[in-house]
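A short worksheet on the structure shown next.
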Amino acid sequence: MNNICLLSDSYKVTHWNQYPEGTEYVYSYYECRKGAKFPESVFFGLQALLKKNFVGQVLTQEMIDEAEELMGHHFGNKEYFNRDGWEYILKEHGGKLPIEIKAVPEGTVVPVDNVLMTVCNTDPKCYWLTNFCETILCHVWYPMTVCTLSREAKKSISKSLDISSDNTSGLNFMLHDFGFRGVSSIESAGYGGAAHLVNFLGTDTLEAIQFAMKYYYADPKSTAYSVPATEHSIQTSLGRDGESDIVNDLLEKYPSGILSVVSDSYDIYSFVENIVGYTHRKRILSRDGVFVVRPDSVTGLHPTPESEMCWILGSLWKNFGGTTNSKGYKVLDKHVRVLWGDGIDLDGINKILISVIDAGFSTENIATFGMGGGLLQKINRDTQRCAFKSSAQRRNGQWFDISKEPLDSTKTSKSGKLKLIDGYKTVSETCAGEDLLQTVFRNGELLRVQNFEDIRGRAEL
């Protein structure tokens with residue numbers, strides 16, 4: 001178990017004796033500030049953070065002793081550590097945290113510049129605890145931002161299907177998580193991978209499925225799916241001259257279902273034209289399933305993913321044929337599709353979608369986009385400008401509204417006790433309208449349990 005006394009920034013350890021005399025309650029909120037990359041955010045990940053770090057008894061005498069000793073070395077003075085405050089929580093609250101957290105239901109899509117969560121201590125002697133918890137609670141930025149990014153990709157793909165396709169049934173599979181190996185930790189794979197699964201059904205990040213089951217009661221039968229797929233160690237096993245034999249062996253082993261085959265081990269153009277489009281064409285057409293061509297790099301001939309994708313679609317159309325749908329776009333024979341999974345990000349997805357449509361093909365010809373680092377790693381807390389700020393304090397029985405008003409107006413914070421009302425508008429707690437923020441945690445207990453399918457429903461386009 002992590003030591004709760006140390007789950008914060010160093011400077012926060014010293015804040016307990018810095019608040020004005022008579023401070024009883026510190027009230028803070030969490031938001032995505034103006035200037036975020038995307039105009040709205042999907043709130044996700046708080047329940048996992050709470051279950052992992054806040055629920056039940058999270059404080060022991062051993063933790064207090066350990067923290068005091070470490071802070072003595074860290075600061076050169078044990079007096080900076082709030083031993084009395086932590087021992088009070090241990091004695092009076094049984095090691096449970098006396099704070100209340102309210103938040104929007106997970107999966108809710110909220111425009112930026114609105115309150116998403118509020119935090120306040122429930123015991124006046126623990127006024128210092130609210131913002132001590134800022135550090136760990138701010139970590140919700142990561143799953144929330146991944147979830148938001150994934151949903152933005154879904155919006156783009158959905159729009160492309162609306163333009164070019166009669167069949168949108170594959171939408172939930174058209175962005176696949178390839179990011180496990182590229183994240184900073186297994187924990188990140190769980191948080192980020194599960195966040196992606198709020199929007200899509202495809203992943204190769206197995207940790208994401210386990211995470212969603214553990215923290216959100218996800219059903220393993222319907223949480224996520226994948227398919228047999230090769231890598232270069234397979235394709236190169238028999239050398240350049242044996243690549244066709246590898247494909248033949250794969251077709252023998254997988255006579256049905258979706259089969260994804262990495263295609264650029266040697267010559268991507270020869271592979272698509274000759275091995276797929278000629279040598280094994282009849283075998284592929286007779287399969288009860290889909291053969292997915294996976295280009296994994298660009299070339300001098302086609303130096304961008306979008307140009308290479310369009311060339312492959314053209315080659316497959318020439319050799320396998322297909323139909324023209326009611327919207328006038330080409331749809332390949334059902335036995336062949338294409339996957340792009342190299343270095344993809346949201347901008348790259350949009351470029352490919354536009355180019356495919358401009359080339360006269362329906363985007364349903366794209367089996368999926370495989371997104372790795374661009375999905376789980378190329379983001380930070382500033383992507384959606386996530387911030388945790390104090391907006392009210394009670395001293396000597398009286399509440400005071402507080403805020404920061406720096407010269408940089410983008411960092412101006414909200415003041416007072418807040419609520420979120422219908423239409424996703426942040427107002428004072430005293431204003432009319434039902435508060436969409438729900439109490440999810442109080443005094444060590446998780447009060448509102450949310451399951452994965454409900455979260456998916458709230459985030460749906």
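Elements of the type helices (runs of 4 or more DSSP H) sitting completely within the range 33-98 and holding at least 3 residues that are within 30 Å of Val109 (Cα to Cα) and not hydroxyl-bearing (Ser, Thr, Tyr): these cover 46-53. Taken together, Ser403, Ser390 contain a single residue that is hydroxyl-bearing (Ser, Thr, Tyr), over 30 Å from Ile258 (Cβ atoms), in contact (Cβ under 8 Å) with a residue 12 or more places away in the chain and in a loop (DSSP other than H, G, I, E, B), which is Ser403. For the range 71-109, filtered to residues that are β-branched (Val, Ile, Thr) and surrounded by 21 or more Cβ atoms within 10 Å (Cβ to Cβ), the residue that is farthest from Leu49 (Cα to Cα) is Ile89.
Under the condition of being in a strand (DSSP E or B) and over 25 Å from the mean Cα position of the chain (by Cα), which residue from the range 420-443 is nearest to Lys91 (Cα to Cα)? Don't jump to the end; show me each part of the working.
At the first step, the residues of the range 420-443 found to be in a strand (DSSP E or B) are 420-421, 425-428, 438-442.
Retained after the next criterion (residues that are over 25 Å from the mean Cα position of the chain (by Cα)): 421, 427-428, 442.
Numbers: Ile421: 38, Val427: 37, Ser428: 35, Arg442: 17 Å.
Ranking the qualifying residues of the range 420-443, first place goes to Arg442.
Against the conditions (1) buried (at least 17 other Cβ atoms within 10 Å of the Cβ); (2) in the same structural domain as Asp345 (by TED's automatic domain parsing), Glu134 satisfies every one except (2).
Where residues in the range 275-300 are under 22 Å from Ser256 (Cα atoms) and without any contact (Cβ under 8 Å) to a residue 40 or more places away in the chain, which of them is nearest to the chain's Cα centre (by Cα)? Among those that are under 22 Å from Ser256 (Cα atoms) and without any contact (Cβ under 8 Å) to a residue 40 or more places away in the chain, it is Asp288. Filtering Lys52, Lys96, Lys102, Lys91 for residues that are out of contact with any helix residue (DSSP H, G or I) (no Cβ under 9 Å at 6 or more places or on another chain) and under 27 Å from Phe211 (Cα atoms) leaves a single hit, Lys102.
The values are calculated or read from the model by the stated rules, or taken from the named source; none is laboratory data. It should be emphasised that the depicted structure is a prediction, and the values quoted were computed from it without experimental measurement. Because the Cβ atoms are built from the backbone with ideal geometry, glycine has one as well, and the counts that use them run over all protein chains shown.
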